[in-house]
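Since the structure comes first, as structure tokens, the remarks are kept for the end.
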Amino acid sequence: MESATKPGEATATNGATATNGATATAETFDVYRPADGSVMRTVEITSPAKVAETVAAARAAQKEWEAIGFGGRKVWLERLRDWIFDNQDHLDEVMQQETGKVRADAALEAFYCVDAINFWNDQGPKWLADEVVTPHVPILRTKRHKIVYRPYGVVGLISPWNFPVILSLGDAIPALVAGNAAVVKPSEITPLTLMEIERGWKEDIGGPDVFHVVNGVAETAGALIDEVDYLQFTGSERTGKLVMKRAAETLTPVSLELGGKDPMIVTRDADIERAVNATAWGGLINTGQICISIERVYVEEPIYDEFVEKLKAKVETLRQGADGDSYTAEVGAMTSPAQIDIVSDHVEDARAKGARILTGGRKKEGPGDWYEPTVIADADHSMKVMTDETFGPVIPVMKVKSVDEAVELANDTRYGLGSSVFAGDPEEGERIARRIEAGHCNVNDVLVNYNVLSLPMGGWKNSGIGVRHGAQGIRRFCHTEALTVPRMKQTKNEPMWFPYNARKRNFLRRVYRLMNARGRKRFKG
Ligand code: NAD
């Protein structure tokens, strides 16, 4: 079924306005190829009743999934890993079509997931092992005390369109390793690769009923939030707030991975060539549609002119296009037509306020959703391109007098997701990094922290709540249960228990005074 409506024009009738390129009827929505605007597939919307049914099925299967332990779950997840390897070309192809990514960027999604399966299978049992606690009160050492991690049950995941598999399956993997079932609602703009993986899990692998995909926009998402035991959301700040509000109704715990406006600081003694190459890649990989893209660059005055000239030259060497499986382009299409409007608005605002557009700066004519890779010089904080999330192939650069000014500007934002510092001396880079208000800072590098799955990844300020990756990245999917178990034969009654009397009260007073008072006060009263 093809839709006559152009991408970006229609609104969903399923309870919410579509914020993106998907069109929708009450029962379906269309998924487009951003490279040429053609319809790829029409997808059925999952009704709230069906969401409830799906979560109930996941909940029923979760019991056995938890019971088979880390070893049993590892076997199934390794089957999924091997299935991804066996089907990678097909998955890359579907991904490329529905997102408009170049093949090199599309391929990153499968790479991440196979690595993540092995990582969480190895680390999960360690990070979720019982933790023995020694009480600070000596008398309570007559018992064994433990922190036990118990899976929530069913974890819901709502994900965006820029990395449709990394940001859905990628987060579902630690949830599954921890013993949860996972139900994902992918972006209505890019659900197809994930649906293909769900099909593989169910039909080819014959996996347990613990991994499901539901489709739709706000109504489906709302129903999912209502039904699950924990909700991981990745998307915009605006929707994140709506998710938290909805989750408050059922007191469902959430983690929110939201937008960013990541700064890069380049000091006067940095390796300019490395900094330029890093800026081009960190700002334009995935056509600039990464939450941790380099979104603004502050360069110290003495090297500013050389930096912007070299950056312009570098960006002008990049090839933009639909490269199939030939790996012959660096910059792809924009996945969401609505995002092109935001990008154009930011560039025109900067142009009008006196910035120089050194290269790019236009939406491409013709079919599909293409915006030229763009470098902007002489940007400043009066411009939206330096303060609001652009989420497109645009790199604005601003001249600064000093590192102090750069740090102040880097922190002058409501976001705090990531950052980078390029300095001649890595130790100086680290000192600057420690002054930046963000969830991560890469010194003399960009985006690299995302591949270090042992490091927590999450935002400060309006960039989110909670983290993925690291020990917290899997523990967030678990309740903690505090256990106290006797070590020795117990008496029939305890001094704290009934009945109360003055003798017991005086005894306890003496004990607490002995333990907590200092100096001579310990022995008074
Ligand atoms: P979005 O907020 O528009 O949509 C995200 C998801 O929320 C989609 O699945 C969408 O269908 C769903 N949704 C829409 N309305 C909803 C509602 N009322 N209640 C619940 N869910 C609803 O975001 P997007 O445009 O898909 O993605 C781009 C944004 O995501 C950018 O801001 C980007 O920075 C952010 N992002 C953050 C991270 C991170 O890790 N911090 C990673 C990638 C993207």
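Run down VAL133, VAL94, VAL154 and say which single residue is touching a helix residue (DSSP H, G or I) at 6+ places or on another chain (Cβ under 8 Å) and open to solvent by 10 Å² or more (accessible area, probe 1.4 Å).
Just one listed residue meets the conditions, VAL94.
Scanning region 337-354 for residues that are hydrophobic (A, V, I, L, M, F, W, C) and touching a residue at least 12 places away in the same chain (Cβ under 8 Å), which turns out farthest from LYS384 (Cα to Cα)?
ALA338
Here's a check for you: in region 203-226, which residue that is over 23 Å from ILE189 (Cβ atoms) and open to solvent by 20 Å² or more (accessible area, probe 1.4 Å) is farthest from the ligand (Cβ to nearest atom)?
Start the filter on region 203-226 by keeping residues that are over 23 Å from ILE189 (Cβ atoms), which leaves 203-210, 226.
Right, trim to open to solvent by 20 Å² or more (accessible area, probe 1.4 Å) and you get 203-206, 208-209, 226.
On the way: GLU203: 24, ASP204: 25, ILE205: 25, GLY206: 28, PRO208: 25, ASP209: 22, ASP226: 11 Å.
So the residue we want is GLY206.
When you go through VAL165, VAL184 one by one, which is the residue that is assigned to a loop (DSSP other than H, G, I, E, B), within 15 Å of the chain's Cα centre (by Cα), within 16 Å of the ligand (Cβ to nearest atom) and among the aliphatic types (A, V, I, L, M)? Let's see the steps before the verdict.
Values: VAL184 fails: assigned to a loop (DSSP other than H, G, I, E, B).
It is VAL165.
For (1) out of contact with any helix residue (DSSP H, G or I) (no Cβ under 7 Å at 6 or more places or on another chain); (2) of a type in the set (Ser, Thr, Tyr); (3) closer than 22 Å to GLU389 by Cα, each residue gets a yes or a no:
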| site | (1), (2), (3) |
| --- | --- |
| GLY283 | yes, no, yes |
| THR287 | yes, yes, yes |
| ARG296 | no, no, yes |
| GLU309 | yes, no, no |
| ARG319 | yes, no, no |
| THR335 | no, yes, yes |
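Looking at region 168-177, which of its residues are in contact with a Leu (Cβ under 6 Å, 6 or more places away or on another chain) and more than 15 Å from the ligand (Cβ to nearest atom)?
Residues satisfying the conditions do not exist here.
Inspect all residues belonging to region 242-262 and state whether any of them is surrounded by fewer than 16 Cβ atoms within 10 Å (Cβ to Cβ) and at positive phi.
So far as region 242-262 goes, yes, one or more of its residues are surrounded by fewer than 16 Cβ atoms within 10 Å (Cβ to Cβ) and at positive phi.
Name the residue that is surrounded by the fewest Cβ atoms within 10 Å (Cβ to Cβ), counting only residues in region 414-428 that are among the small types (Gly, Ala, Ser) and either within 12 Å of the ligand (Cβ to nearest atom) or without any contact (Cβ under 8 Å) to a residue 40 or more places away in the chain (or both). Talk me through it step by step, then tell me what you get.
Within region 414-428, the first condition is being among the small types (Gly, Ala, Ser), and the residues that meet it are 416, 418-420, 423-424.
If we keep only those that are either within 12 Å of the ligand (Cβ to nearest atom) or without any contact (Cβ under 8 Å) to a residue 40 or more places away in the chain (or both) as well, we get 416, 418.
Numbers: GLY416: 23, GLY418: 32.
Out of the qualifying residues, it is GLY416.
For region 91-127, which residues satisfy the criterion of being assigned to a helix (DSSP H, G or I) and under 12 Å from GLY324 (Cα atoms)?
Those that are assigned to a helix (DSSP H, G or I) and under 12 Å from GLY324 (Cα atoms): ASP92, GLU93, VAL94, MET95, GLN96, GLN97, ARG103, ALA104, ASP105, ALA106, ALA107.
Name the pairs: first residue in region 206-223 and part of a strand (DSSP E or B), second residue of a type in the set (D, E, K, R) and more than 10 Å from the ligand (Cβ to nearest atom), Cβ to Cβ under 7 Å, at least 6 apart or on different chains?
Qualifying pairs under 7 Å: PHE211/GLU198; HIS212/GLU198; VAL213/GLU198.
When region 293-317 is examined, which residues are found to be crowded, with 17+ Cβ neighbours inside 10 Å and assigned to a loop (DSSP other than H, G, I, E, B)?
SER293, ILE294, GLU295, listed by residue number.
Given the condition of a type in the set (Ser, Thr, Tyr), within 16 Å of the ligand (Cβ to nearest atom) and surrounded by 18 or more Cβ atoms within 10 Å (Cβ to Cβ), answer yes or no: does some residue in region 463-476 qualify?
So far as region 463-476 goes, yes, one or more of its residues are of a type in the set (Ser, Thr, Tyr), within 16 Å of the ligand (Cβ to nearest atom) and surrounded by 18 or more Cβ atoms within 10 Å (Cβ to Cβ).
For a quick check of your reading of the model, give me the residue pairs whose first member lies in region 82-106 and is within 16 Å of SER336 (Cβ to Cβ) and among the hydroxyl-bearing types (Ser, Thr, Tyr), whose second is open to solvent by 20 Å² or more (accessible area, probe 1.4 Å) and not in a helix (DSSP H, G or I), with beta-carbon atoms closer than 8 Å and at least 6 apart or on different chains.
THR99/TRP161
Out of the residues in region 442-454 meeting the condition of being open to solvent by 40 Å² or more (accessible area, probe 1.4 Å) and over 19 Å from GLU109 (Cα atoms), tell me which one is nearest to the ligand (Cβ to nearest atom).
Among those that are open to solvent by 40 Å² or more (accessible area, probe 1.4 Å) and over 19 Å from GLU109 (Cα atoms), it is ASP445.
Out of (1) within 16 Å of the ligand (Cβ to nearest atom); (2) closer than 20 Å to MET386 by Cβ; (3) in a helix (DSSP H, G or I); (4) open to solvent by 10 Å² or more (accessible area, probe 1.4 Å), the odd one out for ALA278 is which?
The number of the failed condition is (1).
The values are calculated or read from the model by the stated rules, or taken from the named source; none is laboratory data. Keep in mind it's a predicted model, so treat the numbers as computed, not measured. All Cβ positions, glycine included, derive from the backbone under ideal geometry; neighbour counts span all protein chains shown. All accessible areas refer to the heavy atoms of the entire protein, side chains included, with ligands and DNA or RNA removed. Shrake-Rupley method; radii C 1.70, N 1.55, O 1.52, S 1.80 Å.
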